[in-house]
Amino acid sequence: MKTIPLGASALHVTPICLGTMTFGEQVNEAVAHQILDRSLERGVNFLDTAEMYSVPARAETCGSTETILGNWFAKTPGARQKLVLATKVAGPSRGMPWIRGEQSGVSKAEIIQACENSLRRLQTDVIDLYQIHWPARNMPAFGALAFDPSKDKACASIHEQLDAMGELVKAGKVRAIGLSNESPYGVHEFVRVAEQHGLPRVDTVQNPYCLINRSYENGLDETCHRLGVGLLAYSPLGFGLLSGKYDSTGLVGDAGRMSLFESMRKQRWGRPESLATAKRYNALAREHGMSPTQMALAFCYTNWRVASTIIGVTSVAQLDECLDAWGTSLSPELLGAIDKIRWEVRDPAQ
């Protein structure tokens, strides 16, 4: 895998990124370190984490993923220097008062303190890509489909958030900045305000992108393309639905997170329509002589919209399967069949 630049930053990353939100809940520290060793051995140079991880979020495990990564850096000479490290500051609480309290508006002081906490847990002196995990302002995200202005409440302005990022960049604690779970308006406004006030310009947006959620294509793809913002595609396997492992059992009876955690089944990935649509794509993959995982990942790996695809795994074997899918091509016929299903069902996990 050749590395690619992230936006206009000096960062160059592999087109596959190892996501780590399973570390500390589904994956213990010893196995997490084995996965990290193998990922580095196979040439992946990009890691993504967040202050709120592991998932599902609990007060007892908040920050545990960053701690696991920090311990690995400490015991693996040279690893930190070989990797581009991304983490995120959480947005407003969304039912997680243990992070900064229910009234957090993602202020400048909160962002700076969150960064300091992440640096300590990660045992590093710089974060390569620091992202805002979800917007401070009211907007539809995580399965909400429509904007409701009646839900607006006070929060830090985009200018204030960028000012915090600017201070961190100036101090040498952050190299580049990004957004996550954003809308076309949000990305454009962050770029506009940064350019107007001479503040750091966002280089990436980390949003869901997979066969059962192509909502990124509803305008955000044009925004990012024209503004030079790279997509970090998360959940390329639709929380496991596009691996085929739930095809016969439904969302029970498997060791995956959808089976293990009832809270996950209440999210967009747990909708009956999401599983039914995933089954159609999985059957299509098999008809074309490939595994569901291969087809779903190749859809992201080969897509012009995607800068880097974030894979989440719970074992070295899963990691190898995801990395082995690199180089899989999808024929025009197969892409047409994929688009036909999407035309009929749209984005059930949006």
Quick check: is even one residue across the stretch 301-312 crowded, with 18+ Cβ neighbours inside 10 Å, at pLDDT 95 or above and in a helix (DSSP H, G or I)?
yes
Selection from the stretch 179-200 of residues that are closer than 21 Å to Ala10 by Cα and touching a strand residue (DSSP E or B) at 6+ places or on another chain (Cβ under 8 Å):
Leu179, Ser180, Val187, Phe190, Pro200
Quick one: is Pro348 closer than 30 Å to Gly24 by Cα, without any contact (Cβ under 8 Å) to a residue 60 or more places away in the chain and crowded, with 16+ Cβ neighbours inside 10 Å?
no
Please verify whether the stretch 143-154 includes one or more residues that are in a helix (DSSP H, G or I), hydroxyl-bearing (Ser, Thr, Tyr), more than 30 Å from Tyr301 (Cβ to Cβ) and modelled with pLDDT of 95 or more.
yes
Filter result (aliphatic (A, V, I, L, M) and under 19 Å from Asn282 (Cα atoms)) within the stretch 298-312:
Ala298, Ile311
Quick one: is Gln196 assigned to a helix (DSSP H, G or I) and without any contact (Cβ under 8 Å) to a residue 24 or more places away in the chain?
yes
Filter result for the condition that a residue is surrounded by 18 or more Cβ atoms within 10 Å (Cβ to Cβ) and either of a type in the set (Asp, Glu) or in a strand (DSSP E or B) (or both), over Leu251, Leu241, Leu232
Leu232
Being closer than 22 Å to Asp37 by Cβ and small (Gly, Ala, Ser) is the filter here, so list the residues in the stretch 64-100 that pass it.
Ser64, Gly70, Ala74, Gly78, Ala79, Ala86
Could you run through the stretch 12-41 and say how many residues are crowded, with 20+ Cβ neighbours inside 10 Å and in a loop (DSSP other than H, G, I, E, B)?
7
Out of the stretch 156-196, which residues are among the acidic types (Asp, Glu) and surrounded by 23 or more Cβ atoms within 10 Å (Cβ to Cβ)?
Glu182
Within the stretch 42-124, considering only helices (runs of 4 or more DSSP H) that don't extend past its boundaries, which have at least 3 residues that are among the aliphatic types (A, V, I, L, M), in contact (Cβ under 8 Å) with a residue 40 or more places away in the chain and out of contact with any Leu (no Cβ under 7 Å at 6 or more places or on another chain)?
108-122
Filter the stretch 125-138 down to residues that are in a loop (DSSP other than H, G, I, E, B) and touching a Gly at 6+ places or on another chain (Cβ under 7 Å) and give me whichever is surrounded by the fewest Cβ atoms within 10 Å (Cβ to Cβ).
Val126
Which members of the stretch 217-229 meet the condition of being of a type outside the set (Lys, Arg) and surrounded by fewer than 24 Cβ atoms within 10 Å (Cβ to Cβ)?
Glu217, Asn218, Gly219, Leu220, Asp221, Glu222, Thr223, His225, Leu227, Gly228
Criterion violated by Ala296 - all others in (1) over 15 Å from Lys245 (Cα atoms); (2) assigned to a helix (DSSP H, G or I); (3) under 24 Å from the mean Cα position of the chain (by Cα) satisfied
(1)
Which condition number in (1) closer than 19 Å to Ile311 by Cα; (2) in contact with a Lys or Arg (Cβ under 6 Å, 6 or more places away or on another chain); (3) part of a helix (DSSP H, G or I); (4) at pLDDT 95 or above is the one that Met264 fails?
(4)
Pro272: at negative phi and at pLDDT below 95, yes or no?
yes
Given the residues Phe23, Phe73, which is the only one that is of a type in the set (Phe, Trp, Tyr) and closer than 28 Å to Phe299 by Cβ?
Phe23
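The values are calculated or read from the model by the stated rules, or taken from the named source; none is laboratory data. If you're wondering where the values come from, they're calculated on a predicted model, not measured in any experiment. Reconstructed Cβ throughout: ideal geometry from the backbone, glycine too, with neighbour counts over all protein chains shown.
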